[in-house]
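Read the structure below first, then the notes.
The values are calculated or read from the model by the stated rules, or taken from the named source; none is laboratory data. In this text the structure is predicted, and so the values were computed from the model without any measurement. Cβ atoms come from the backbone with ideal geometry, glycine included; neighbour counts cover every protein chain shown.
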Amino acid sequence: MRPTLNILHPDMINRIVEEALHILAEIGVEVRGRDLRQRLLDHGFQTDASGERLLFPPDVVRWAIEQAPSSFTLYDRDGRPHAEIGGDNVHFVPASSGLKVLDHRTGDTRLANTADFVEYIRVADGLEHIAYLATAFSTNDDIEPQVSDAWRLYLSLVNSKKPIVSGAFTEHGVPRMAEMMQLFRADKADLIARPMSIFTITATGNFRYSEDSCQNMIDCVEAGIPIEIVPVTLMGLIAPVTITGATVFHTADVLAGITMAQIIKPGAPVLFGGAPASFHMREATSPMLGIEALRLDMAYAAVGKHLGLPTQAYMALSDSKMLDAQAGAETFGSALLAALSSVNSVSGPGMLDFVLVFSLPKLIFDNEVCGQALQLVREIQLLEDLPTIGLARQLLAEQHLITAEHTLKYWPQELYLPSAVYDRSNREKWQSAPHQTLLGRATAMVEECLASYQGIATDPALDAEMRRLIMAGFVSQTELPALPPLPPRRAPKEEGETRRRRRKESGK
């Protein structure tokens, strides 16, 4: 049995879906992309009285839901299966896409550059509970914006083999990025068969898809890149303040995206996602970690599960400005809710300040939070502990079970041992430690991760071709930014090796 949590009755889910279908049929969606709009018209869609919105027939939406796969596999750079997206599988991935970084060396919040992004990839690559990567923040400081999305993809591909959640930040950015990823496959068909990325498609609210989102959807689906439909549903501002009404609005936006994707190419993998927030009536901000926003996350995830679709959510992050008690509470609480709700791809670790600022120390801390959330939702099984009377007799005979065969066999998988970022020491040892605060411990571990990072080899010809593709998009810039050098090679710390070995031996 796996621990689960569902806040909606199946009857309520059915009513929510029917209401969303009613909105799509009677109010419709403003599809601003000319090409995608024409494809829908050619498919038989009608417009509303104004001629602006396209009306989505309920039978077509239901057909699209049936066409969308219930799961798919993400592959790493080398083409090996890496993560199964669907079912009750939960994968934690850094949030996207902050505008700034919180510099762990100076404490300053500033625009990020290439060196910051490379350091992030090198840290995240070695984190055990960060399943794959993401375009965590923008590199505004040293690369032209029209190619910055491709540049960050390049930095990910040459510093890690993990898959990545990414996306294009311009209307015609996807083809360049797809061509870069195809360099690591035999051909386009191979990239479609073994995708290495998920791209985000944002629904902009008010039942509208922008020009960028429409074109990106066409390009992603035709290139075989799985997409996640991510409405930014703001409760109390552009969506009802009530949980049921907001879930209906959110579901309508996502179902519109799923329908358009399936019309482009039936069978295209799509995640039922979102990045909801509530509108704070006093501060005029949009908290993503307010409890009502988390309820909406869980509600739409339940709708996605009910429809047999893989799911995504922005959880396991914080609206706080620093790694403090609020950040810990919001991240841990939402990570647990995401895991219990079986959200397949959880975007969040490392992020602060309303998804505006990324922090490497927080990513280190969040890795441990995610590990504990994953430990909680493991399937509960009989492990030679029923009947239990034999263990009870052994306890009375030995006065402990520390050296019992049963303990030695099962403790590596049953007892979660966090890294040193978590304080599990006694007071005397804590008082003598070099870093007594959470921020101090997490910052020190960032530097340890950077120092122990082991680079990966990339075929020089592929490297040169990726650079050429990026530079072909330059307007005035003439050179690509320099990459930070690799650290000297050294053996990993024994503690980390031991933990990784135990996880591997226990099948985790």
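Here is how the numbers come out for the structure above:
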item	result
Pair list, Cβ under 6 Å, 6 or more apart: segment 27-46 residue on the phi > 0 side of the Ramachandran plot, other residue part of a loop (DSSP other than H, G, I, E, B) and modelled with pLDDT of 95 or more	28/48; 28/53
Meets criteria (surrounded by 16 or more Cβ atoms within 10 Å (Cβ to Cβ), in contact (Cβ under 8 Å) with a residue 12 or more places away in the chain, in a loop (DSSP other than H, G, I, E, B) and among the β-branched types (Val, Ile, Thr)) for residue 343	yes
Single unsatisfied condition, residue 301 versus (1) of a type outside the set (Lys, Arg); (2) at pLDDT 95 or above; (3) more than 20 Å from residue 90 (Cβ to Cβ)	(3)
Some residue of segment 253-267 being out of contact with any Lys or Arg (no Cβ under 6 Å at 6 or more places or on another chain), part of a helix (DSSP H, G or I) and either closer than 17 Å to residue 330 by Cα or of a type in the set (D, E, K, R) (or both)	yes
Any hit, segment 239-250, residues being of a type in the set (Val, Ile, Thr) and in a strand (DSSP E or B)	no
Hey, residue 92 surrounded by 24 or more Cβ atoms within 10 Å (Cβ to Cβ) and over 20 Å from residue 196 (Cβ atoms) or not	no
Qualifying residue in segment 249-270 (condition: charged (D, E, K, R), over 22 Å from residue 14 (Cα atoms), in contact with a helix residue (DSSP H, G or I) (Cβ under 6 Å, 6 or more places away or on another chain) and surrounded by fewer than 21 Cβ atoms within 10 Å (Cβ to Cβ))	yes
Qualifying position, being part of a helix (DSSP H, G or I), without any contact (Cβ under 8 Å) to a residue 60 or more places away in the chain and on the phi < 0 side of the Ramachandran plot, among 371, 333	333
Single match in 408, 415, 383 (criterion: hydrophobic (A, V, I, L, M, F, W, C), surrounded by fewer than 12 Cβ atoms within 10 Å (Cβ to Cβ) and under 22 Å from residue 130 (Cβ atoms))	415
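Listed here are the residues, each with its yes/no results for (1) touching a Pro at 6+ places or on another chain (Cβ under 8 Å); (2) buried (at least 16 other Cβ atoms within 10 Å of the Cβ); (3) outside any helix (DSSP H, G or I); (4) not hydroxyl-bearing (Ser, Thr, Tyr).
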site	(1), (2), (3), (4)
106	no, no, yes, no
123	no, yes, no, yes
129	no, yes, yes, yes
149	no, yes, no, yes
154	no, yes, no, no
168	no, yes, yes, yes
186	no, no, yes, yes
206	no, no, yes, yes
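Yes/no per residue for (1) modelled with pLDDT under 95; (2) within 28 Å of the chain's Cα centre (by Cα):
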site	(1), (2)
5	yes, yes
11	no, no
16	no, yes
36	no, yes
65	no, yes
80	no, yes
